[in-house]
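Input: a single structure, listed below in structure tokens.
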Amino acid sequence: MNYLQINRANTLNGNIKISGAKNAALPLIAMTILAKNRVDIKNLPHVVDIKTLLKLLSNLGASCSDLSNGSDIISINTSALHETKATYDIVRTMRASILVLGPILARFGHCEVSLPGGCAIGQRPVDLHLKALEQMGAVINIEAGYIHATAPDGLKGCQIIFDKITVTGTANIVMAAALAKGITTITNAAREPEVVQLCEILNASGVKIDGISTGVLTIHGTDGKLVDIAEFSVIPDRIEAGTYLCAGAITNSELTLENANHKHLGAVIAKLEEMGNKISFTDTTITIHPSKVQKHVKIVTQEYPGFPTDMQAQFLALTTQADGTSIIEERLFENRFMHVSELQRMGADISLSGHTATIVGGTKLSGTDVMATDLRASSALVLAGLIADGVTNVHRIYHLDRGYDSLEVKLQNVGADIKRLNE
């Protein structure tokens, strides 16, 4: 098993190229199930979750080109898709596998999808997905850990109101509605850039979608007709970009992110600026400039365009070095502070009360052995390791590899003393 060994960094400096967004690429790969043609996708990140979903599609009968040659371009052809069962051995490793439920059901009228796994950051039930599909005419039973779904008369457009905003739920139902009969309206839809890109590509492919980037989406179904999807490029990963901005802030460094979209990072940039960081940008780059003092801050995680829960752990690491006491409230997941105990082992002064963390800043961190508990917690420990005295060993980095493309290489290229070793 691999781990990362990190020595305290001097000032970092240089450029980091941001990869394509994992959370955008996953629904876009699932979307190819709706296509009648071969779909070429550019700017795919080299992360484990992408490879897992491609393996799942291959098991269903799709042909997928190989990402292992270093290219970020892949071709997917689902015209020969014949299997409709997404098995436990793949789905258990990645919660986003549930994204194949909507498109398979819409295309074939039946499917079996294992209940999903993924990061242990708390309950992320698929009830909202299933309730919406039932409103569209699906008959759903859960047996032996599998979702058995059938649509005897095909899926039908209807009015759907999500009880709470769900990103994967919105994406799943948008894809299901794309091939349904009639018009589907989703109220309380997610507005994340990853959902917006999915809608924009389907809209350009002949599935008329009104209200893109708003909380109300109206999808005009094709009545079962597969769509022609042109080549497209995955948007930059805003969470990866935010993580490296935090790396610049915590090490008092100047870093320029290439292939980045600052418009997707409004809440993150606003909090960094509130902490005293100066940030400049162009259409495709973001630069964080050195700041000698990090000010304390209050953060509440919310759905987009609010502060992203996927940046909570990284900012928590950053606030350990801030001037004063910071408050971070996690409103989206009930078990997303597991990185706190690991940061405390490094010397961080953090107290937890329910869904709120109180961080006393200005504490000196010491390197030690720490264990990653989920994807974003992994990156928080790496950030802490960059400024901790001594050596930090981050174990269980298979979590990190699920969502970060070549993180240690990118950090090495800007001066970090970090390397991947075998246990």
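Pairs exceeding 20 Å between alpha-carbon atoms, taken from Lys271/Lys295; Lys164/Lys271; Lys55/Lys181; Lys156/Lys208: Lys164/Lys271; Lys55/Lys181. Taking each residue as 0.36 nm, the span from Arg92 to Thr356 lengthens on full extension beyond its C-alpha to C-alpha distance by 92.1 nm. Pairwise inverse Cα distances across the stretch 68-160, averaged and inverted, put the Kirkwood hydrodynamic radius at 14.5 Å.
Looking at the stretch 35-121, the accessible area is 37 square angstrom per residue; that uses a 1.4 Å probe and ignores ligands, DNA and RNA. Here's the picture: charge each Lys and Arg Cβ at +1 and each Asp and Glu Cβ at -1 in the stretch 80-208, and of Ala149, Thr166, Val113 the one pushed furthest to the positive end of that dipole is Thr166. Counting residues in the chain as N, plug N into 2.2 N^0.38 Å and put the Cα Rg over that result. Here the answer is 0.98, to two decimals.
Measuring nothing but protein heavy atoms, the accessible surface of the chain at 1.4 Å probe radius is 47 percent carbon and sulfur.
Just so you know, the averaged projected area of the alpha carbon convex hull for the stretch 287-377 sits at 6.3 nm². Using a Gaussian network model of the chain in which every pair of alpha carbons under 10 angstrom is joined by a spring, one finds that among Asn23, Asn413, Asn43 the greatest mean-square fluctuation is at Asn413.
Over the stretch 155-300, accessible surface divided per residue gives 38 Å², non-protein components excluded, 1.4 Å probe. Counting only heavy atoms of the protein chains and using a 1.4 Å probe, Arg336 has close to 20 Å² of accessible surface. GNM remark for the chain: springs join alpha carbons under 10 Å apart, and the peak mean-square fluctuation among Val216, Val174, Val382 falls on Val216. Can you classify the stretch 75-225 as rounded, prolate or oblate using the Cα gyration tensor, where a ≥ b ≥ c are the square roots of its eigenvalues, rounded means a/c under 1.5, and otherwise it's prolate if a/b beats b/c and oblate if not? Note, shape of the stretch 75-225 comes out rounded.
When peptides 194-207, 235-248 are ranked by their average number of other Cβ atoms within 10 Å per residue, the highest-first order is 235-248, 194-207. The residues of the stretch 339-390 expose, per residue, 32 Å² of accessible area to a 1.4 Å probe. Computed about its Cα centre, the charge dipole of the chain is approximately 100 debye, with only Lys, Arg, Asp and Glu carrying charge at their Cβ. If you line up the long axis of helix 375-387 against the longest principal axis of the chain, both from Cα atoms, how many degrees apart are they, to the nearest 10? Compared with the principal axis, the helix lies near 20 degrees.
The values are calculated or read from the model by the stated rules, or taken from the named source; none is laboratory data. Not measured: the values here are computed from a predicted model. Every residue, glycine among them, receives a Cβ derived from its backbone with ideal geometry; neighbour counts consider all protein chains shown. Surface areas here come from the heavy atoms of the whole protein model, side chains and all, with no ligands, DNA or RNA. Shrake-Rupley method; radii C 1.70, N 1.55, O 1.52, S 1.80 Å.
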